[in-house]
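S.K.: My questions will all concern the structure given below.
The values are calculated or read from the model by the stated rules, or taken from the named source; none is laboratory data. Here the structure is a predicted model, which means the values were calculated and not measured. Ideal geometry is used to build each Cβ from the backbone, glycine not excepted, and the neighbour counts take in all protein chains shown. Note: accessible area is taken over every heavy atom of the protein model, side chains too, but ligands, DNA and RNA are not part of it. Shrake-Rupley method; radii C 1.70, N 1.55, O 1.52, S 1.80 Å.
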Amino acid sequence: MRSSSDSSTFKLDQRVHSTNDPRRIGTVKYIGPVEGHPGTWVGVDWDNGEAKHDGSLNGVRYFEARSQLSGSFVRAQNLTAGISFIEALYIRYRDQPTQEDEDEMYVLSASNKRVSVQLVGKEKIQDKLSRLEELTGASLSYLGVSNPGSPNEVRNIVPNLKELDLTGNLLSEWKDVGIICEQLPSLAALNLSNNSMSQEIVGLPLLKSIHILVLNNTGINWTQIEVLKELLPVIEELHLMGNGINAIKTASSSIVHGFDSLRLLNLEENCIAEWNEIVKLSQLRSLEELHLNKNNLNHIFYPDHDTIDKLVGGDESHDQSCIPFQNLRCLLLGGNNIDDLASVDSLNSFPKLIDIRLSENPIADPGRGGIPRFVLVARLAKVEILNGSEVSTRERKESEIRYVRLVMSKLHGNPNEIKQHPRFVELKNFHGIEDERSSVGTTGPQKMASGLLSVTLKSVAPSIGEKPPLTKKLPAATTIGKLKILCETFFKLGSIRPKLFLQEEGSPLPILLDDEMATLMDVGIGNESTVLVDEES
């Protein structure tokens, strides 16, 4: 790639990358002398935050870096101002593979040695790719693309391009993106992730064929999305991960309108804390998937028309016939701060919601006082995929029965408990579960919790060695502390302290059982459950 040795090549706020590393990208923040060092220097604020200082050196402030160690001074010859779109195409698809490329084509053997990979038909593949006019998909990630090149050059060289990945380049002006797109009439999918795009959207034409647009880590905000919306008449997927978005700010309305074809909206890894911001998206009629993993949400609810009326403040009207989130079938909420059962139960009110992610929230983590998977399955009447795992017919039946029995064990002496379980009566009747018959003895009524459960204990502790699993009949009222003592006896552990985990169907990881006062019923251990016996580290 072309390098630049003259500092006059650069200008403030220009995107550059290190000459030797196209993935080391930054923004020019200073050009000029540095006290105590001869010549002209370029001050760069690096995207990855791995540099030397904050823009000041020896007490002199030259520029403001984003963090204390993201800035450095570089000689101009060690920076590259970028190449054109067409130059990148030639590098990726016309040039012969370099030795570095060949070195990357390997697998590791069982002895951890590199074994070269021979691609059958590699020459034919390269020959096809080198005919750029036939190319329908191109990946030009991290090649230093900074401009579209000469007029009409793109149209003449890759006229049939449908998918284009420009991740991690030096693009920043929307007009340059527009020049590329205007010359690609068939372009349907465009990825601009990790390009620091300008806050001003100017020079961008109507993108009539773009169905998928990926703008992850571009610094875009929702105000800009409102501008882009008018230029994306057929957009179906919009990905906006990692942009620090904390609010859905619309220009003239409190509710987001338009986006008539939008099926998937990805807002993962942003900073949204208030569910009311998400409610602003509730009138998007075509929206089927909403990705909100790794935000700051702590409570969710299903918005009725009164809620939306309050949100718009009575100053504007909304379509009363439009059911909120009417076509939403997938809602990903993993990695937030949701900790209340009301949020979980509200998911039943979404008309078509069947795919839900709640992992890495306090409410779904029994280790943080949350509820186990079987309780989630039972409380969520329509869920078919939970935390990425399919909920089978068998799992649903077993989960609902276990849940009903768990609730029944808690109702004795605490009738108000039923208010916390809106599906209890429905499930109890559906599965034909009868109230347990009480017999009064010296210890009072015999509760269902005293019934026996068949539990398989499986040793996974290295110090214990291989031992066959043990299946034991245990009272449902057995505490975790008591079970640990029993495991010490069953497996002859001696001085080894056991650590117990519940292995649940559909859960990718076993659940730590660390509340020694909780009963088997409390933590969701049911008939034919498997408990893993490990050792304290």
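S.K.: Quick check: anything in the stretch 345-368 β-branched (Val, Ile, Thr), open to solvent by less than 30 Å² (accessible area, probe 1.4 Å), in contact with a strand residue (DSSP E or B) (Cβ under 8 Å, 6 or more places away or on another chain) and under 25 Å from HIS239 (Cα atoms)?
M.R.: yes
S.K.: While we're here: Wholly within the stretch 286-391, which strands (runs of 3 or more DSSP E) include no fewer than the required count, namely at least 2 residues that are farther than 23 Å from GLY524 by Cβ and in contact with a Cys (Cβ under 9 Å, 6 or more places away or on another chain)?
M.R.: 289-291
S.K.: Restricted to the stretch 146-165, and to residues that are among the polar types (S, T, N, Q), open to solvent by 60 Å² or more (accessible area, probe 1.4 Å) and in contact with a Ser or Thr (Cβ under 8 Å, 6 or more places away or on another chain), which residue is modelled with the highest pLDDT?
M.R.: ASN160
S.K.: Still on this structure, please answer the following. Assess whether GLU200 counts as being among the acidic types (Asp, Glu), open to solvent by 40 Å² or more (accessible area, probe 1.4 Å) and modelled with pLDDT of 95 or more.
M.R.: Against the criterion (among the acidic types (Asp, Glu), open to solvent by 40 Å² or more (accessible area, probe 1.4 Å) and modelled with pLDDT of 95 or more), GLU200 does not qualify.
S.K.: Which of the helices (runs of 4 or more DSSP H) contained wholly in the stretch 60-145 include at least 3 residues that are at pLDDT below 55, over 20 Å from LEU184 (Cβ atoms) and within 33 Å of the chain's Cα centre (by Cα)?
M.R.: 99-103
S.K.: Scan the stretch 381-394 for residues that are touching a residue at least 12 places away in the same chain (Cβ under 8 Å), over 17 Å from THR530 (Cβ atoms) and open to solvent by 10 Å² or more (accessible area, probe 1.4 Å) and jot them down.
M.R.: ALA381, LYS382, GLU384, ILE385, ASN387, GLY388, GLU390, VAL391
S.K.: Suppose we filter GLU535, GLU505, GLU488, GLU466 for residues that are closer than 21 Å to LEU386 by Cβ and either of a type outside the set (A, V, I, L, M) or open to solvent by 30 Å² or more (accessible area, probe 1.4 Å) (or both); which single one remains?
M.R.: Testing whether each residue is closer than 21 Å to LEU386 by Cβ and either of a type outside the set (A, V, I, L, M) or open to solvent by 30 Å² or more (accessible area, probe 1.4 Å) (or both) leaves just GLU505.
S.K.: Considering (1) assigned to a helix (DSSP H, G or I); (2) at pLDDT 90 or above, say which one GLU417 fails and leave the rest.
M.R.: All conditions pass for GLU417, except number (2).
S.K.: GLY43 versus (1) free of Cβ contacts under 8 Å to residues at least 60 places away in the same chain; (2) within 19 Å of MET197 (Cβ to Cβ); (3) in a strand (DSSP E or B): which is the lone unmet condition?
M.R.: That leaves (2) as the condition not met.
S.K.: Looking at VAL234, VAL214, can you tell me which residue is open to solvent by 40 Å² or more (accessible area, probe 1.4 Å), within 25 Å of SER282 (Cα to Cα), touching a Ser or Thr at 6+ places or on another chain (Cβ under 7 Å) and not hydroxyl-bearing (Ser, Thr, Tyr)?
M.R.: Result: VAL234 is the single residue among VAL234, VAL214 that is open to solvent by 40 Å² or more (accessible area, probe 1.4 Å), within 25 Å of SER282 (Cα to Cα), touching a Ser or Thr at 6+ places or on another chain (Cβ under 7 Å) and not hydroxyl-bearing (Ser, Thr, Tyr).
S.K.: Being over 35 Å from the mean Cα position of the chain (by Cα) and surrounded by fewer than 17 Cβ atoms within 10 Å (Cβ to Cβ) narrows it down to one of LYS472, LYS458, so name that one.
M.R.: LYS472
S.K.: Please go through the stretch 7-56 and pick out each residue that is under 30 Å from the mean Cα position of the chain (by Cα), under 19 Å from GLU173 (Cα atoms) and open to solvent by 40 Å² or more (accessible area, probe 1.4 Å).
M.R.: Across the stretch 7-56, the qualifying residue is only ASP47.
S.K.: Then there's this: Please work out which one of (1) under 30 Å from PRO185 (Cα atoms); (2) crowded, with 21+ Cβ neighbours inside 10 Å is the condition LYS280 fails and give its number.
M.R.: Of the numbered conditions (1) under 30 Å from PRO185 (Cα atoms); (2) crowded, with 21+ Cβ neighbours inside 10 Å, the odd one out for LYS280 is (1).
S.K.: So the check is Cβ under 6 Å with 6+ separation or different chains; which pairs have a first residue in the stretch 410-422 that's open to solvent by less than 70 Å² (accessible area, probe 1.4 Å) and a second one that's at pLDDT 80 or above and not hydrophobic (A, V, I, L, M, F, W, C)?
M.R.: Matching pairs, first to second residue: LEU411/GLU417; GLU417/LYS410.
S.K.: Only one of these conditions is not met by ALA378: (1) open to solvent by 40 Å² or more (accessible area, probe 1.4 Å); (2) at pLDDT 95 or above; (3) more than 24 Å from the chain's Cα centre (by Cα). Which number is it?
M.R.: (1)
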